[in-house]
Amino acid sequence: DNMVQDGSNTNHTDSDSSNNPQTKTTAEVISPPKWYKLPTTLTTASWSKISAGVLFVTFACPALSNYALFQISLGLAITLGSISPMYAMLLDWVQDRQRPPSLRRVGGAFLAIVGVVVLCLWGMETGER
């Protein structure tokens with residue numbers, strides 16, 4: 001008989017070990033997918049969308065925000081920057097084609113915008129209004 005004292009089978013093939021989770025090595029069971037490997041199944045259109053998103057988020061948004069700070073008043077620039085939750089929710093809804101954002105989310109974003117507007121107006125000197 002091929003049984004060892006601990007009860008394991010010493011005569012097994014490679015196909016047996018791949019089907020039996022008890023015979024897999026620790027590296028085979030624990031190793032997650034490699035984060036640095038790029039997906040190979042993306043189309044050219046998908047890569048174009050990813051590249052455009054990286055370009056806009058990394059370069060265009062900070063550059064345009066800084067440009068706005070020099071062209072308009074600081075309070076207005078901060079207020080316009082604070083509306084990003086509103087259009088982010090709308091873009092998320094349009095892109096994912098799911099149900100629209102809840103009233104709670106819209107209300108929270110609206111309150112955040114109102115808070116920034118109040119802080120900007122309250123912080124202005126009375127002669128600048």
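Test of understanding: among F110, F70, F56, which residue is part of a helix (DSSP H, G or I), within 17 Å of the chain's Cα centre (by Cα), of a type in the set (F, W, Y) and modelled with pLDDT of 85 or more?
F56
Report every pair of residues separated by at least 6 positions or lying on different chains whose Cβ atoms are under 8 Å apart, first residue within segment 81-95 and farther than 13 Å from L111 by Cα, second not in a helix (DSSP H, G or I) and not polar (S, T, N, Q).
Listed pairs, sorted by first residue: M89/P101; L90/P101; D92/P101; W93/R99; W93/P100; W93/P101.
Sort through A68, A77, A112, A60 and tell me the only one that's in contact with a Leu (Cβ under 6 Å, 6 or more places away or on another chain) and open to solvent by less than 80 Å² (accessible area, probe 1.4 Å).
Exactly one residue qualifies, and that residue is A77.
The values are calculated or read from the model by the stated rules, or taken from the named source; none is laboratory data. Note that this is a predicted model, so its numbers are computed, not measured. A quick note on method: Cβ atoms are made from the backbone with ideal geometry, for glycine too, and the neighbour counts reach across all protein chains shown. Heavy atoms of the whole protein, side chains included, go into the accessibility calculation; ligands, DNA and RNA do not. Shrake-Rupley method; radii C 1.70, N 1.55, O 1.52, S 1.80 Å.
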